[in-house]
Every structure is written in C-alpha cells, then in structure tokens.
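The values are calculated or read from the model by the stated rules, or taken from the named source; none is laboratory data. Being a predicted model, the structure only gives us computed values, none of them experimental. Here Cβ is always computed from backbone atoms with ideal geometry, including for glycine, and neighbour counts include all displayed protein chains.
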Ligand code: C2E
Ligand code: MG
Ligand code: MG
Ligand code: MG
C-alpha cells in the first residue's frame, strides 16, 4: 500500500510525493497512538462487556445473551468493537483482551444463573487468532472452574473465515472444546465464502443467520427464500438457529413461522451494560 502510494506520487511530481509521505506518517502516528491507548486500556481496565438478550421464539423469554465488548475511553466515550478489535488482532492484543472478556462473562453468567435465570447461556465472540491459541481450551476450562460455571452455559461464536484454515489444525481444537461441553455457534452465517461442506466437517451446534438477510424480510423475496432454506437445513442437520438483527414484529413473526428457535436484535433490546441486562432478567423471572 505504501509502495503504491509512493509510486503514484513519484509519477505525478515532487509535491505529491511529499503529500503522500505526510499522509502516511499521519496514519502511522494515528495507529501508534491507538496501539499505545489499547495497551493502557487493558491495564487501566477501560473495557466493558455489554449483553444483548437472546429470546426464545417459542416462549418469548430470555434464554441467553451475546457478550459484546466496548471501550470506555476517558474523555472520548464509548468506542465500538469494530474500531479496535481488528487492530487488536493485528498487534496480538486480542489474546489478553479475549481472555479478559471470557473471565468477565463466566463470573457474571455464574451470578445471573444463581440469582435470576438458572439455564442462561451466554455467548462470546472468538476471533481466529484466539481460536488458534494453543492455550485456549485450558484457559476456558480453568475459567469455568474458577467461576463455578457449567460448560453448557458458555457458547463460543466463530465466523466462517476461520473454517477456511487448515482442517488438521482446527479439528482438534473443536474436539477439545466439545469434550469440555461448551457449544459453538457459526456467526454471520451466509456472508462469508465458506462452503456448506464445512457444516459436515466441523461440529457446529448453532447457526446465526446474518442480519443482512433478516434486514430485508419480508419485502425481499430472495432473502425470504434464503432464510427459509437456511433454517430448514440447520434443523435437518440438528443445529439450532439464531436470527440476529431482528428489528420489527414482521421479522419476528416470519422467523417464528419458519421454525427459527431464537432471535436477537433491537426489536427486543439493544446491547446493555450488565446492570441493564440484569433488570431484564429480573422481569424475565416475574413474567
Ligand atoms: P457480531 O458478533 O455479529 O455482533 C452483532 C452486532 O450486531 C453487534 O454490534 C450488535 O450491537 C449489532 N446488532 C444487534 N442487533 C442489531 C439490530 O437489530 N440491528 C443492527 N443494525 N445491529 C444489531 P457490535 O456490538 O458493534 O459488535 C460488532 C462486532 O464486533 C461483532 O459482530 C463481533 O464480530 C465483534 N466483537 C464484539 N465483541 C467482541 C469480543 O469480545 N471479541 C471479539 N473477538 N470480537 C468482538
Ligand atoms: Mg457474534
Ligand atoms: Mg453476528
Ligand atoms: Mg458481525
């Protein structure tokens, strides 16, 4: 990228060359500042975990949540994960950040199961780098034990891109996670380039239909047909289905009629801080 910028800059004269090198410097500085801030954020505990409820379409009750990280940067405010997870992956900081999330979630879920919803299941997003960390399974096992959380209460969300890696390296990880008793969900399903054969090769428990399909329901006939087909396929293969990005009643009714088990989306609730989610759990118990 830098080379091609230089190339074009040299072609079009000396001033442009300076312009481009300055811009590259600014970008490099910005990136360096972000890196420094991220390392500090980890030490100073500036990360937060938000929870977005997952609702059973059969009972209309909260059965789970997805844990979503946020960065509360002093003087700046709440920064969404898309703005710092990719760079954390690049600089290797995703491993300690990911472990921190797992610890928070296990402790919190254990408390919520004891006091509010005994069968609550919480899912955690795991990036490919984390999945390839040889210490992952051991760490999860320890963390579950420390928080007194049964493995069935924890689900990992992975994305299709991961499955394109070497199967000989990936399968043992799946197997040891499954032996531990935690479940695995395939996130953003339908957006990646993975082939359906992956569903046969890897032990996947749950499919999460990407919100780009749900978004166009019921107006777009293609989305309707594809969503029907994904649900039918998952059910036939013995996988449960979660729809993400459900924003209105039409979508919810469509999903219920189509045999989808679970939904998640702004229609029911945005991701909430732990205190806000706990209030929902308290009502969940009463109703
Ligand atoms: P994701 O795992 O696909 O998470 C779902 C995203 O959709 C969340 O964005 C959520 O706020 C948003 N969402 C939920 N319902 C709706 C809806 O009805 N409409 C719309 N338009 N959006 C909805 P968020 O929290 O900004 O997270 C973005 C991504 O960042 C996540 O996508 C996930 O890939 C990544 N991420 C979040 N937390 C973690 C983490 O702890 N570790 C790692 N490795 N990645 C994370
Ligand atoms: Mg997810
Ligand atoms: Mg998703
Ligand atoms: Mg996503």
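Mind listing whichever residues of region 140-166 are at pLDDT 95 or above, part of a helix (DSSP H, G or I) and within 16 Å of ligand 1 (Cβ to nearest atom)? Walk me through how you get there before you give the answer.
As a first pass, look at region 140-166 and keep what is at pLDDT 95 or above: 140-158.
Remaining after also requiring part of a helix (DSSP H, G or I): 140-147, 151-153.
Correct list: 140, 143.
Name the residue, out of 223, 212, that is within 16 Å of ligand 1 (Cβ to nearest atom), free of Cβ contacts under 8 Å to residues at least 60 places away in the same chain, within 16 Å of the chain's Cα centre (by Cα) and in a helix (DSSP H, G or I).
Just one listed residue meets the conditions, 212.
I'm trying to understand the selection: among the residues of region 79-100, which are in contact with a strand residue (DSSP E or B) (Cβ under 9 Å, 6 or more places away or on another chain), surrounded by fewer than 16 Cβ atoms within 10 Å (Cβ to Cβ) and in contact (Cβ under 8 Å) with a residue 24 or more places away in the chain?
100
Residue by residue through region 47-67, note down the ones that are more than 9 Å from ligand 1 (Cβ to nearest atom) and either buried (at least 20 other Cβ atoms within 10 Å of the Cβ) or closer than 18 Å to residue 152 by Cβ (or both).
51, 53, 54, 55, 56, 57, 61, 62, 63, 64, 65
With the requirement that a residue be within 21 Å of residue 250 (Cβ to Cβ), over 14 Å from the mean Cα position of the chain (by Cα) and either free of Cβ contacts under 8 Å to residues at least 12 places away in the same chain or in a strand (DSSP E or B) (or both), what does region 51-67 give you?
55, 56, 59, 60
In contact with a strand residue (DSSP E or B) (Cβ under 6 Å, 6 or more places away or on another chain), more than 26 Å from residue 50 (Cβ to Cβ), more than 16 Å from ligand 2 (Cβ to nearest atom) and in a helix (DSSP H, G or I), is that true of residue 234?
yes
Can you name the residue in region 68-100 that is closer than 15 Å to residue 39 by Cβ and assigned to a loop (DSSP other than H, G, I, E, B) and, of all such residues, is nearest to ligand 1 (Cβ to nearest atom)?
Applying the filter and picking the extreme gives 84.
Are any of the residues in region 145-154 touching a residue at least 12 places away in the same chain (Cβ under 8 Å) and within 16 Å of ligand 2 (Cβ to nearest atom)?
yes
I need a count of the residues in region 234-245 that are out of contact with any helix residue (DSSP H, G or I) (no Cβ under 8 Å at 6 or more places or on another chain) and either at pLDDT below 95 or more than 15 Å from ligand 1 (Cβ to nearest atom) (or both).
First, the residues of region 234-245 that are out of contact with any helix residue (DSSP H, G or I) (no Cβ under 8 Å at 6 or more places or on another chain): 234-236, 238, 242.
From what's left, either at pLDDT below 95 or more than 15 Å from ligand 1 (Cβ to nearest atom) (or both): 234-236, 238.
Matching residues across region 234-245 total 4.
For residues that are within 22 Å of residue 62 (Cβ to Cβ) and within 19 Å of the chain's Cα centre (by Cα), tally how many sit in region 114-143. Spell out how you get there, then give the answer.
At the first step, the residues of region 114-143 found to be within 22 Å of residue 62 (Cβ to Cβ) are 114-125.
Adding the requirement that they be within 19 Å of the chain's Cα centre (by Cα) leaves 120-125.
Here the count works out to 6.
Okay, residues lined up against (1) touching a residue at least 12 places away in the same chain (Cβ under 8 Å); (2) touching a strand residue (DSSP E or B) at 6+ places or on another chain (Cβ under 9 Å); (3) not in a loop (DSSP other than H, G, I, E, B):
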position: 102; (1), (2), (3): yes, yes, yes
position: 106; (1), (2), (3): yes, yes, yes
position: 119; (1), (2), (3): yes, yes, no
position: 168; (1), (2), (3): no, no, yes
position: 174; (1), (2), (3): yes, yes, yes
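Just for region 137-157: of the residues that are in contact with a helix residue (DSSP H, G or I) (Cβ under 6 Å, 6 or more places away or on another chain) and within 18 Å of residue 240 (Cβ to Cβ), which one is surrounded by the most Cβ atoms within 10 Å (Cβ to Cβ)?
Here the answer is 153.
Among the residues of region 121-136, count how many are surrounded by fewer than 19 Cβ atoms within 10 Å (Cβ to Cβ) and part of a helix (DSSP H, G or I).
2
Could you list, in sequence order, all residues of region 184-206 that are within 11 Å of ligand 3 (Cβ to nearest atom) and at pLDDT 90 or above?
Within region 184-206, 185, 186, 187, 188, 189 qualify.
Being under 22 Å from residue 134 (Cβ atoms), in contact with a strand residue (DSSP E or B) (Cβ under 6 Å, 6 or more places away or on another chain) and within 16 Å of ligand 4 (Cβ to nearest atom) narrows it down to one of 183, 242, 159, so name that one.
Matching residue, one of 183, 242, 159: 159.
Any residue in region 176-204 that's in contact (Cβ under 8 Å) with a residue 60 or more places away in the chain: show its pairings with residues that are assigned to a helix (DSSP H, G or I) at Cβ separation under 8 Å, as long as the two are six or more apart or on different chains.
From residues that are in contact (Cβ under 8 Å) with a residue 60 or more places away in the chain, the pairs are 183/152.
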